[in-house]
Structure formats: structure tokens, C-alpha cells
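Here is the structure we will look at, set down as C-alpha cells.
The values are calculated or read from the model by the stated rules, or taken from the named source; none is laboratory data. No experiment lies behind these values; they were computed from the predicted model shown. All Cβ positions, glycine included, derive from the backbone under ideal geometry; neighbour counts span all protein chains shown.
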Amino acid sequence: MKSKGPAERFLTIKCGQQVCGESSVWVRPQPLGSGYNANAHAPSSPWSQTALIPEEGMDLSLTTRSLGDTTTIDCVGRLVYGSEATVLRIKVKALIALGVKAIVLNLAGCTYIDSGALGVLTGLQMSAQQAGCRIRLVNPTARTAKLLQTTNLMDFFDVANFSTPEVSR
């Protein structure tokens, strides 16, 4: 049976009972296997009941945890332009809208970042700066660090390598 290709889905992102964002994304019709869960959040966080993010076909798992006014998002898998980058964009924009002052993107488990997703990260950095929020990229893989250096974005982003991400220096 031949695949029909990507399908468009409309996502509504909820933070508790409040709608924090909406987006139209393209997703693959076939699941890539178990273990990828874009709905994984720390149970104690106020946005732990994010709804309607399609788990099938996702190459990226995002786990969110908070400590004080800092929220860490662990990215595991491939961060590519499309539904993966869109889900991350919506999640980060929702956190900014909630008034989070520091967001740490832990890229230790991120095996691949394409140029489109890098553009999304750049846009998120600019949005965060305008809102008085700080985004830090931590534990980039060697490939991601080289990509940031090659594109001259290492200084644009706050990048750090350590196992326990902390925003304040």
C-alpha cells in the first residue's frame, strides 16, 4: 500500500486550562516507532497537560522540567524543520508567554539539527530577548557545536557544555 505523504494537522497547545498557542503543521502518516513522545512533561509543571501534539511520526521527544524561574527542555532525537521544530517553537513561545525568565535547551540527546530548525532556534532567541527571557543551549553534540561555529551563531546563542544545566553564571 502506497503512502499518501505528509498530512496537515492543526495543533492547540494548552498550558493547564489556558490555550497558549495554535499552529498548523505537517506530519508523516507512518509512526517511526515507540519511544518518541512529544507530550512528555514534568508532572509538577503547570503546563504538564499539553494537548493534541501528535506522537506518531515525531522524530523528536521533548521533556520539560522546571526549577524556580528556569525551565529546562531536554531534546532527544532529530530537530528538523517541520512538525518537530514547530512543536519546540510552540512550547518555547508558550513558556515565554507564561513569563518564564530562563529557558535551557538541553541538546545532549539531539542527534541532528537541520538548517530550518536552526532558523527556528534563531527566531526563538530573538523572541526571548524581546520578552526579557534568556535562552541557553547546553550540551550540544560535536556536530551541533560545529554547525553553530560554521554559521557564526556560537556568539549569538548562549552555549554551554555541562551535565547539570544552570542558567546563571
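Return yes or no: is residue 135 in contact with a helix residue (DSSP H, G or I) (Cβ under 7 Å, 6 or more places away or on another chain), β-branched (Val, Ile, Thr) and under 15 Å from residue 73 (Cα atoms)? Judged against the criteria, residue 135 is a match.
Just give me the residues in the stretch 107-127 being surrounded by fewer than 21 Cβ atoms within 10 Å (Cβ to Cβ) and in a strand (DSSP E or B), in sequence order. 108, 109, 111, 112, listed by residue number.
Does residue 128 qualify as being touching an Asp or Glu at 6+ places or on another chain (Cβ under 7 Å) and either among the charged types (D, E, K, R) or modelled with pLDDT of 95 or more (or both)? Spelling it out, it is not the case that residue 128 is touching an Asp or Glu at 6+ places or on another chain (Cβ under 7 Å) and either among the charged types (D, E, K, R) or modelled with pLDDT of 95 or more (or both).
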